[in-house]
Amino acid sequence: MKNLYLIVLTAMVVVSCTDTDSLNPINQTRISDITAFATPQRVEQLVLGAYGGVKVGAFYGGRFLNYQDVRGPEFINERNNGVTNLFTWNFGVQSSTNEVQNFWSAAYTAINRCNVVINGLETSPITPALKITYTAEARFLRALSYYSLITLYAKPFTEDNGASLGLPIRLKAETNGGNNDLVRSSVADVYTQIIDDLNFAEANLPLTNSSAFNNSTRAHRNTAIALKTRVFLSMGKYPEVVTAANKIVSNAAPFSATSGVSNTMMPTIQAPFASAATTVENVFSFPYGPNDLQGTQNGLVHYYNATPVGGSEYSLASTGIVANVNWKMTDARRAFNVVILTKTWLHKWTKSQSDPDFVPVIRYSEVLLNLSEAIARSTNSVDTRAVALLNAVRGRSDATTVFTAASFINAQALIAQILIERRIELLGEGFSSPDIMRLRQNFPAKGLAPSVTTSDTQYLWPIPLNELLYNKLAVQNPGH
């Protein structure tokens with residue numbers, strides 16, 4: 001792996017300290033690995049740096065979520081701009097394509113930041129309680145990063161129970177250009193590591209943080225559980241989804257978490273997308289502001305929010321979910337779909353790129369839909385609780401539609417409606433490609449972009465060229 005892993009905190013750099021360092025004094029603008037973890041304040045800055053690594057523009061600042069959505073059927077590329085993910089949209093990526101290389105680099109840089117924290121805390125003199133909490137935060141972020149990578153560069157777990165090639169699992173902090181060579185572990189092994197990190201996070205994160213802002217922007221116990229429901233759903237492990245979700249979803253409506261942060265859905269769909277939203281529906285979000293930007297052509301508002309003069313990068317496909325006749329025009333979520341220049345654009349994010357919106361990573365409505373689908377699949381029945389969970393999400397925005405068990409002739413009909421609800425509720429939030437792939441479906445054609453079958457080489461992203469050059473043990477995905 002290319003040397004992309006130095007952790008820089010303003011003018012300070014973590015460097016190695018040995019017994020011979022007295023003969024080679026450390027530059028006073030640098031901090032040794034021992035000193036860097038000497039106080040709670042310094043450790044917290046390193047932890048915040050780990051969050052910062054995941055929220056960069058090339059990762060959760062916007063690009064990663066856009067990759068996941070434009071591979072699906074919901075968006076049309078309007079500007080034919082190779083810089084803004086055209087080749088992802090039209091399934092033309094190669095190992096040297098910018099998005100393929102840049103996302104891998106951003107994600108593994110974020111993982112290494114987490115590893116620096118985790119490894120450094122092992123010998124830190126701060127209190128055991130703080131060490132465990134900070135380690136749990138870093139392991140949550142590492143799990144999120146590995147999960148994000150595995151959804152693009154490897155076959156879905158559901159293809160062959162994870163037997164296919166996955167990712168190099170890097171758990172050691174790297175502060176130089178060595179240790180590049182590492183084989184790709186199996187998809188199953190990568191998911192095992194993700195779940196192990198999330199189990200640790202669930203057991204050791206605080207029940208709540210100090211404020212509404214911290215409860216939505218830093219991990220707590222419910223955050224880890226919520227992410228586990230997504231991960232298990234991707235694996236097709238539906239009973240495990242139910243077990244995890246039941247820890248943070250009450251038995252009956254109005255659904256909410258009964259311990260820890262009181263996560264629940266807000267009364268309106270607009271609330272979790274309001275400026276700097278830190279509601280109890282925002283289980284986990286990345287914050288941004290005038291001094292914390294995502295970078296040029298990275299933010300979601302740049303990709304989707306059209307101006308009356310120039311439109312935007314991606315409009316909503318007229319053949320996508322917006323065409324669903326059962327998505328009523330009176331549904332409050334339709335208000336996000338704005339017609340400008342005869343085309344429809346998604347306006348979930350509306351703030352200027354100079355003062356960006358927060359990016360929601362996990363919303364409580366997703367957890368309810370994860371649980372609803374998992375119950376229907378694991379019981380293979382039109383389960384009344386699964387229907388109630390579906391109604392909770394639909395009813396928040398469309399009170400005129402109420403599903404009952406009689407609405408569905410069998411479990412498959414219920415599951416089909418839940419999948420439609422996911423496409424509506426989570427539109428533009430990075431779920432289109434992962435949902436298609438976990439269900440082993442073909443990608444449908446849209447606009448000039450072709451359809452892509454499960455056997456097509458473009459179904460997966462290739463391993464980046466730079467990884468193959470620097471990691472001599474890495475092998476390419478077949479066909480690339």
Exercise for the section: Determine, yes or no, whether Phe91 is open to solvent by 10 Å² or more (accessible area, probe 1.4 Å) and of a type in the set (Phe, Trp, Tyr). Expected result: yes
Handout entry: Residue in the range 73-99 that is farthest from Asn180 (Cα to Cα), counting only those that are touching a helix residue (DSSP H, G or I) at 6+ places or on another chain (Cβ under 8 Å) and among the aliphatic types (A, V, I, L, M)
Key = Val83
Exercise for the section: Output yes when any residue across the range 218-238 is touching a Ser or Thr at 6+ places or on another chain (Cβ under 7 Å) and surrounded by fewer than 17 Cβ atoms within 10 Å (Cβ to Cβ), and no when none is. Expected result: no
Exercise for the section: Report yes if some residue within the range 356-376 is over 22 Å from Lys237 (Cβ atoms), modelled with pLDDT under 95 and within 23 Å of the chain's Cα centre (by Cα); otherwise report no. Expected result: yes
Practice task
Would you check if there is a residue in the range 287-299 being under 29 Å from Leu390 (Cα atoms) and among the hydrophobic types (A, V, I, L, M, F, W, C)?
Solution key: no
Practice task
Would you point out the residue of the range 313-355, among those that are at pLDDT 95 or above and polar (S, T, N, Q), that is least open to solvent (accessible area, probe 1.4 Å)?
Solution key: Ser315
Fill in the blank from the handout: Checked pairs for the range 167-195, first assigned to a loop (DSSP other than H, G, I, E, B), second open to solvent by 50 Å² or more (accessible area, probe 1.4 Å) and among the aromatic types (Phe, Trp, Tyr), C-beta under 9 Å and 6 or more apart or across chains, list as Gly177/Tyr470; Asn180/Tyr470; Asp181/Tyr470
Practice task
Evaluate the range 434-456: report whether one residue or more is surrounded by 15 or more Cβ atoms within 10 Å (Cβ to Cβ), over 28 Å from Leu227 (Cα atoms) and of a type in the set (Lys, Arg).
Solution key: yes
Problem - Pair list, Cβ < 8 Å and 6+ apart or interchain, from the range 443-472 residues that are assigned to a helix (DSSP H, G or I) to residues that are at pLDDT 95 or above and aromatic (Phe, Trp, Tyr) - result: Gln458/Phe91; Tyr459/Phe443; Asn466/Trp104; Glu467/Trp104
Handout entry: Some residue of the range 36-57 being crowded, with 24+ Cβ neighbours inside 10 Å and of a type in the set (S, T, N, Q)
Key = no
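Looking at Thr175, Thr127, Thr151, which is the one that is open to solvent by 10 Å² or more (accessible area, probe 1.4 Å) and farther than 26 Å from Asn222 by Cβ? Steps first, please.
Numbers: Thr127 fails: farther than 26 Å from Asn222 by Cβ; Thr151 fails: farther than 26 Å from Asn222 by Cβ.
Just a single option satisfies the conditions, and that option is Thr175.
The values are calculated or read from the model by the stated rules, or taken from the named source; none is laboratory data. Note that the structure is a prediction, hence the values are computed from the model and not measured. Every residue, glycine among them, receives a Cβ derived from its backbone with ideal geometry; neighbour counts consider all protein chains shown. Heads up: the accessible areas ignore ligands, DNA and RNA and are worked out on the full protein's heavy atoms, side chains in. Shrake-Rupley method; radii C 1.70, N 1.55, O 1.52, S 1.80 Å.
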